[in-house]
Amino acid sequence: MEHNSSNFIRNIIVNDLETGKRTHVTTRFPPEPNGYLHIGHAKSIVINFDLADEFNGKTNLRFDDTNPVKEDIEFVNAIKEDIKWLGYDWDGLFFASDYFQEMYEKAVLLIKKGKAYVDDLSADEIREYRGTLKEPGKESPYRNRSIEENLDLFDRMRKGEFGNGEKVLRAKIDMSSPNINLRDPVIYRISHATHHNTGDQWCIYPMYAFAHPLEDAIEDVTHSICTTEFEDQRPLYNWVVEECEMTTTPQQIEFGRLNITNAVMSKRKLKQLVEEGIVDGWDDPRMPTISGLRRRGYTPEAIREFVRETGISKGSGFVDSQMLDHFVREDLKLKAPRTMGVLRPLKVVITNYPEGQVEMLDAEINPEVPEMGMRQIPFSREIYIEQDDFMEDPPKKYFRLFPGNEVRLKHAYFIKCEEVIKDEDGNVVEIHCTYDPETKSGTGFTGRKVKGTLHWVEATQAVPAEFRLYEPLLTDESEETSTEETEVVEKTFLDQINPNSLEIINGFIEPNLKDIEPQTKLQFFRHGYFNVDPKHTTKDNIVFNLVVSLKSSFKL
């Protein structure tokens, strides 16, 4: 497939197939349903589905739902919708919870082999006993319980005889291992919580590090692709597959995660923004969630191409958010109809234009795509222009409207400013102009040239609209990436919120847009690309989200 350039994961797969180590390719995308997917997840989705697709393999969607306290069916449904919207369809749909019985049996097998034990230490004590990177851990006083006692206790844990946190099941590996993940990790904990999929059938749940390799092996996943923060857990992953005597052996391969400047990429922090009402839900157009990007007006094609362009490597550097905007512009340039909208209106009266007359002017829907055809726009004595397109006392090289100056109205005529009407406070409320009927656009008029071209909307038929303009949600160049759960970090994160990330203004659009559908994308002349907001648009109130401005300094 064209978009699959060479990268180290692809090279591993090619080698595995050529040497006969693998006869097929199965990948998986395994989100935990505890929040909405964001642009970082899009990278994992694209990598897994594209690679499997290239080698005629399969990709499973599997929900890693081993923590009932944080998970919800709402997130399951949202994740499915996002993946489909991105243009992918999974071969198998699975839940970790589908395998709870098999995982339980594998845990019993480990106990019988002397490879797991029930521990009574508290979470704090387990942490304390684990040691540090410089010091080995200490063995739990419960580490050498007999196999019979462990089997009995684990059975009683399952039956609900103990409270949350009273006991855990730990793998028995090596408390002095230089890899802290191998120092007898917890593989089961007690949680008396109702699960979205299994209800109250279980009150013990496997830990992710135990469940994940088993899920991959059960589904015959050949290449388990994840981000580099799981690299240290690979020896544990392999230990679980081997000691649980799985018949297939998946290979874990890590790549660098996608970080974007000015974006919050932590699910915990995104959740905090939603819960504290700083944003308008998970799909707020300022959020880097897939649903937020969709609502803002980003296209799946642009996101896929952006992810492919960032490439696959072990490094986890930051990518400029303008790079994503570049791909959106490139995609919308050939898709979005052109139109005119006035965001901050100033009324212009053309005093020598016949009163009561309305003429229809022809305009191309998209000059870059002639086959899109033409649209008609009304023109009359009264129009709106942008407030920024008039100055009473302009600086040099200001080519827009000012007293005595002549400009072209896009698709229409030349007009000349003759008089400025102000209110009692001295604010400009209206401009009176004259027009030259000889200068109609498209007639080939060459009598004289003007330097400024303004967009406008005819006033009597103009449709009111709300425009939402966005800036990055964070003011700093990049989100801090510390994983410490301290007050200082929280404060720093919330202090980075940009108070000007959303500006709502009210203007006018062309009348042919009055019945426009949600999620329709347009280019407003001189302003940028906009999308009709699906959440707040009603029959009487059209809301446009700014997708991206027209120009960028970003170069690929």
Cβ pairs under 8 Å, 6+ apart or interchain, first in the range 61-78 and under 15 Å from Thr198 (Cβ atoms) and open to solvent by 40 Å² or more (accessible area, probe 1.4 Å), second at pLDDT 95 or above and hydroxyl-bearing (Ser, Thr, Tyr), ordered by first then second residue, are Val69/Ser191
Note to self: Residue under question is Val307, and the condition is that it be assigned to a helix (DSSP H, G or I) and either open to solvent by 50 Å² or more (accessible area, probe 1.4 Å) or out of contact with any Lys or Arg (no Cβ under 8 Å at 6 or more places or on another chain) (or both); does it hold?
What the structure shows: no
Residues in the range 524-540 that are of a type outside the set (Ser, Thr, Tyr), more than 21 Å from the chain's Cα centre (by Cα) and either at pLDDT below 95 or open to solvent by 20 Å² or more (accessible area, probe 1.4 Å) (or both) total 5
Sole miss for Val118 among (1) hydrophobic (A, V, I, L, M, F, W, C); (2) surrounded by 20 or more Cβ atoms within 10 Å (Cβ to Cβ); (3) assigned to a helix (DSSP H, G or I) is condition (3)
The residue that is modelled with the lowest pLDDT, considering only those in the range 490-512 that are open to solvent by 20 Å² or more (accessible area, probe 1.4 Å), not polar (S, T, N, Q) and not in a strand (DSSP E or B), is Glu490
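From the list Val420, Val428, Val407, exactly one residue is open to solvent by less than 70 Å² (accessible area, probe 1.4 Å), modelled with pLDDT under 95 and more than 26 Å from Asn531 (Cα to Cα). Which is it?
On the way: Val420 fails: modelled with pLDDT under 95; Val407 fails: modelled with pLDDT under 95.
Among Val420, Val428, Val407, only Val428 is open to solvent by less than 70 Å² (accessible area, probe 1.4 Å), modelled with pLDDT under 95 and more than 26 Å from Asn531 (Cα to Cα).
Give the residues of the range 393-410 that are without any contact (Cβ under 8 Å) to a residue 60 or more places away in the chain and in contact with a His (Cβ under 9 Å, 6 or more places away or on another chain), sorted by residue number. Before you say what the answer is, go through the steps one by one.
Step one: list which residues in the range 393-410 are without any contact (Cβ under 8 Å) to a residue 60 or more places away in the chain, which gives 393-409.
The one that is without any contact (Cβ under 8 Å) to a residue 60 or more places away in the chain and in contact with a His (Cβ under 9 Å, 6 or more places away or on another chain): Leu409.
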### Task
Check whether at least one residue in the range 352-370 is at positive phi and open to solvent by 30 Å² or more (accessible area, probe 1.4 Å), and report yes or no.
yes
With criteria (1) in a helix (DSSP H, G or I); (2) open to solvent by 40 Å² or more (accessible area, probe 1.4 Å); (3) touching a Lys or Arg at 6+ places or on another chain (Cβ under 9 Å), His24 comes up short on (1)
A careful count of residues in the range 167-195 that are under 18 Å from Asn67 (Cβ atoms) and open to solvent by 60 Å² or more (accessible area, probe 1.4 Å) gives 2
Quick count over the range 79-106, residues being surrounded by fewer than 21 Cβ atoms within 10 Å (Cβ to Cβ), of a type in the set (Asp, Glu) and within 19 Å of the chain's Cα centre (by Cα), is 2
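The values are calculated or read from the model by the stated rules, or taken from the named source; none is laboratory data. Treat the numbers as computed from the prediction; the structure is a model and nothing was measured. Because the Cβ atoms are built from the backbone with ideal geometry, glycine has one as well, and the counts that use them run over all protein chains shown. Side chains are part of the model used for accessible areas, which takes the heavy atoms of the whole protein and leaves out ligands, DNA and RNA. Shrake-Rupley method; radii C 1.70, N 1.55, O 1.52, S 1.80 Å.
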